[in-house]
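> One structure, pasted below without further comment.
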Amino acid sequence: MREHPPDHDRAVPRHLAVIPDGNRRYAHKHALSYADGYMAGARMALQVVHWCLDAGIEHLSGFGSSVDNLTHRPPEDGRTIRDAVDWFCREARAVPGVSVAVFGEPEGSAGLLTDGDRPPEGPASGRLVVRVARWYSGRHDLAAVAAAVPHCGTETVVRAPERFLLSAALPPVDLLLRTGGQRRLSGFLPLQTAYAELYFLDTLWADLTADEFRGALRWFAAQERRFGE
């Protein structure tokens, strides 16, 4: 069940999700450290916040970091990603009309987070609601749904599975934008993206331009969305 009824005539996505891929390749391209590459990506994410405000987008969800980032890379890489995500959360929260919330698996980041630098989690409201997936895994998100079955019953969970997700506060995604040349979702928001329009760019995240962003919105506006009808 969709939390909000489909809007077939909406020209601008209500909820934009982004997978900001390509920050390490951007660092290689410009002979930068990985830390500088991820910070360039964080600055681009802040720019995208402003573009979303200008376009009238209400929800922006970003894949800040994944459980795979944590488990398959050296600890210093995890800290580098953490610092960039923290910087973005602080800066985005200071933008008028923007609220920021974090979701994911904070317990999976033991040793990388401290109480002082952990962005607040939970509900958010504002003209633009920004939600950042931190140490997120789609598998864990769906596992939370399965874990609810013994307590709530199969019928209840099947009727509204989104209620039991770790990312339960998120509305359905209308448009998902991924940079960096990969044509996959990497487990990001598997339930909310069921009817999302998918837009892929070869451009590295930190190289994204305003014209490319507007091009994604124009492409979305041209789609005929059916939602299974």
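The values are calculated or read from the model by the stated rules, or taken from the named source; none is laboratory data. The structure displayed is predicted, hence computed values, not measured ones. Virtual Cβ from ideal backbone geometry, glycine too; neighbours counted across all protein chains shown. When the accessible area is computed, the model is the full protein with side chains, heavy atoms only, and any ligands, DNA or RNA have been set aside. Shrake-Rupley method; radii C 1.70, N 1.55, O 1.52, S 1.80 Å.
> Among the residues of the stretch 75-96, which ones are open to solvent by 80 Å² or more (accessible area, probe 1.4 Å) and basic (Lys, Arg)?
Answer for the stretch 75-96, where residues must be open to solvent by 80 Å² or more (accessible area, probe 1.4 Å) and basic (Lys, Arg): Arg79, Arg90, Arg93.
> Quick check: is even one residue across the stretch 65-83 touching a Gly at 6+ places or on another chain (Cβ under 8 Å) and assigned to a loop (DSSP other than H, G, I, E, B)?
yes
> Also, I was wondering about something else. What are the residues in the stretch 173-227 that are among the β-branched types (Val, Ile, Thr) and touching a His at 6+ places or on another chain (Cβ under 8 Å), if any? Give the steps one after another, and end with the answer.
Looking only at the stretch 173-227, we keep the residues that are among the β-branched types (Val, Ile, Thr), and these are 173, 179, 193, 203, 209.
Selection gives Val173 alone.
> Would you mind finding the one in Ser99, Ser65 that is among the polar types (S, T, N, Q) and open to solvent by less than 10 Å² (accessible area, probe 1.4 Å)? Show your work before the answer.
Numbers: Ser99 fails: open to solvent by less than 10 Å² (accessible area, probe 1.4 Å).
Result: Ser65 is the single residue among Ser99, Ser65 that is among the polar types (S, T, N, Q) and open to solvent by less than 10 Å² (accessible area, probe 1.4 Å).
Let's see how each residue does on (1) among the hydroxyl-bearing types (Ser, Thr, Tyr); (2) at pLDDT 85 or above:
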residue	(1), (2)
Arg43	no, yes
Leu53	no, yes
Leu60	no, yes
Ser66	yes, yes
His72	no, no
Thr80	yes, yes
Asp83	no, yes
Pro96	no, yes
Glu105	no, no
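This table checks each residue for (1) open to solvent by 40 Å² or more (accessible area, probe 1.4 Å); (2) of a type in the set (A, V, I, L, M, F, W, C); (3) free of Cβ contacts under 8 Å to residues at least 60 places away in the same chain; (4) touching a helix residue (DSSP H, G or I) at 6+ places or on another chain (Cβ under 7 Å).
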{"position": "Val157", "(1), (2), (3), (4)": "no, yes, yes, yes"}
{"position": "Leu166", "(1), (2), (3), (4)": "yes, yes, no, yes"}
{"position": "Leu170", "(1), (2), (3), (4)": "no, yes, no, no"}
{"position": "Leu176", "(1), (2), (3), (4)": "no, yes, no, no"}
{"position": "Pro190", "(1), (2), (3), (4)": "yes, no, yes, yes"}
{"position": "Thr193", "(1), (2), (3), (4)": "no, no, no, no"}
{"position": "Tyr199", "(1), (2), (3), (4)": "yes, no, yes, yes"}
{"position": "Ala206", "(1), (2), (3), (4)": "no, yes, no, yes"}
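> Just one of Gly215, Gly180, Gly153 is farther than 25 Å from Val102 by Cα, of a type outside the set (Val, Ile, Thr) and open to solvent by less than 20 Å² (accessible area, probe 1.4 Å); which is it?
It is Gly215.
Yes/no matrix, rows are residues, columns are (1) among the β-branched types (Val, Ile, Thr); (2) within 16 Å of the chain's Cα centre (by Cα); (3) at pLDDT 95 or above:
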position: Leu189; (1), (2), (3): no, yes, yes
position: Ala194; (1), (2), (3): no, yes, no
position: Asp202; (1), (2), (3): no, no, yes
position: Trp205; (1), (2), (3): no, yes, yes
position: Thr209; (1), (2), (3): yes, no, yes
position: Arg214; (1), (2), (3): no, no, yes
position: Leu217; (1), (2), (3): no, no, yes
position: Phe220; (1), (2), (3): no, no, yes
position: Arg225; (1), (2), (3): no, no, no
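> Still on this structure: So is Leu185 under 17 Å from His59 (Cα atoms), modelled with pLDDT of 95 or more and not in a helix (DSSP H, G or I) or not? Please lay out each step first, then the result.
Working: under 17 Å from His59 (Cα atoms): no; modelled with pLDDT of 95 or more: yes; not in a helix (DSSP H, G or I): yes.
For Leu185, the condition - under 17 Å from His59 (Cα atoms), modelled with pLDDT of 95 or more and not in a helix (DSSP H, G or I) - is not met.
> From (1) out of contact with any His (no Cβ under 9 Å at 6 or more places or on another chain); (2) at pLDDT 90 or above, pick out the condition that doesn't hold for Ser109.
(2)
> Does the stretch 38-48 contain any residue that is part of a helix (DSSP H, G or I), open to solvent by 20 Å² or more (accessible area, probe 1.4 Å) and more than 30 Å from Pro171 (Cα to Cα)?
no
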